[in-house]
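Student: Quick one: this structure, given as C-alpha cells, is what I'll be asking you about.
The values are calculated or read from the model by the stated rules, or taken from the named source; none is laboratory data. This structure is a prediction, so every number in the text was calculated from the model and none was measured. Glycine gets a Cβ as well: all are built from the backbone with ideal geometry, and neighbour counts include every protein chain shown. Areas reflect the complete protein model, heavy atoms only, side chains present, ligands, DNA and RNA absent. Shrake-Rupley method; radii C 1.70, N 1.55, O 1.52, S 1.80 Å.
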Amino acid sequence: MIPKILRLQSLEKYRDFGALFLRLVVGAFLVYGTQDNVFSFARMKEFEHFLAARGVPVPLLAAFVSAYAQFVCGILFIFGAATRAAAVVMIINFVAALLIAHRGDSFQGMLAALMMLASAFFFLLHGAGKPSVDEGLGTSRRP
C-alpha cells in the first residue's frame with residue numbers, strides 16, 4: 001500500500017513548490033558565487049584578467065556585467081520576481097560562460113554552468129511558481 005503523500009495525484013497540488021526549491025538553490029548559488037566580485041574591486045579585477053586572457057573585448061565591463069547580472073538575477077530568482085526576464089539574462093550569461101570560460105573543459109568542469117543554463121531555461125518556460133512575487137502580481141500564471 002502506497003502512503004497517500006506519495007501518490008502522484010496528492011502531490012499535484014504542490015507542483016509549483018518544486019520551482020520554489022529550485023529558485024532558492026539556484027538563486028543562492030548565483031548570489032554566493034558573485035558576491036566577492038560585487039563587494040570587492042580587487043576580485044573584480046581578477047575576473048577582468050581572467051576574461052582578458054580569454055580574449056573578451058572590454059574585459060572590465062564584461063566582468064561587471066556578468067557579476068552584477070548573476071548577483072541581481074540570483075536575488076530575483078530567490079524572491080520569484082521578474083523570473084522570466086531574469087532567466088533570459090542568465091541564458092545569455094551562461095551561454096557566454098560556456099563559450100568563454102569552459103571551452104575545452106570536461107563535462108564535470110562545465111557542470112555548474114550547464115545546470116545554471118538548464119535552470120534558466122526551466123524558469124523561462126515555467127515561471128516562478130508559488131509562492132513568488134510574480135505569482136502575487138499575477139505575472140507568473142499559466143493560461
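Student: Can you sort Glu46, Glu135 by 1.4 Å-probe accessible area, starting with the largest?
Tutor: Glu46, Glu135
Student: Now for a different question. Sort Lys13, Lys130, Lys45 from largest to smallest accessible area, using a 1.4 Å probe on the heavy atoms of the protein chains.
Tutor: Lys13, Lys130, Lys45
Student: For the stretch 78-143, calculate the relative contact order in percent as a whole number, restricting contacts to Cα pairs under 8 Å that are 6 or more residues apart.
Tutor: Dividing the mean separation by the residue count of the stretch 78-143 yields 49 percent.
Student: Relative contact order for the chain: what percent, with Cα pairs under 8 Å and sequence separation of 6 or more?
Tutor: Computed over the chain, the figure is 28 percent.
Student: How large are Rg and Dmax for the chain when only the alpha carbon atoms are used, in Å?
Tutor: 17.5, 62
Student: What is the dipole size for the chain, taken about its Cα centre, with +1 at each Lys and Arg Cβ and -1 at each Asp and Glu Cβ, in debye to the nearest 20?
Tutor: Around 480 debye, computed over the chain.
Student: Sorted by accessible area (1.4 Å probe), largest first, how do Leu99, Leu8 line up?
Tutor: Leu8, Leu99
Student: Now for a different question. Compute, for Val89, the solvent-accessible surface of its heavy atoms (probe 1.4 Å) with the complete set of protein chains present, and express it in square angstrom to the nearest 10.
Tutor: Looks like 60 Å² after rounding.
Student: In whole percent, what relative contact order does the stretch 29-87 give with Cα contacts below 8 Å and a gap of six or more residues?
Tutor: 36
Student: Whole number in Å², please: accessible area per residue of the chain, 1.4 Å probe, ligands, DNA and RNA not counted.
Tutor: I get 61 Å² per residue for the chain.
Student: What percentage of the solvent-accessible surface of the chain, computed with a 1.4 Å probe over protein heavy atoms, is contributed by carbon and sulfur atoms?
Tutor: 72
Student: What distance in nm lies between label points placed 7 Å from Cα along the C-beta direction at Val58 and Phe79?
Tutor: The answer from the label model is 2.8 nm.
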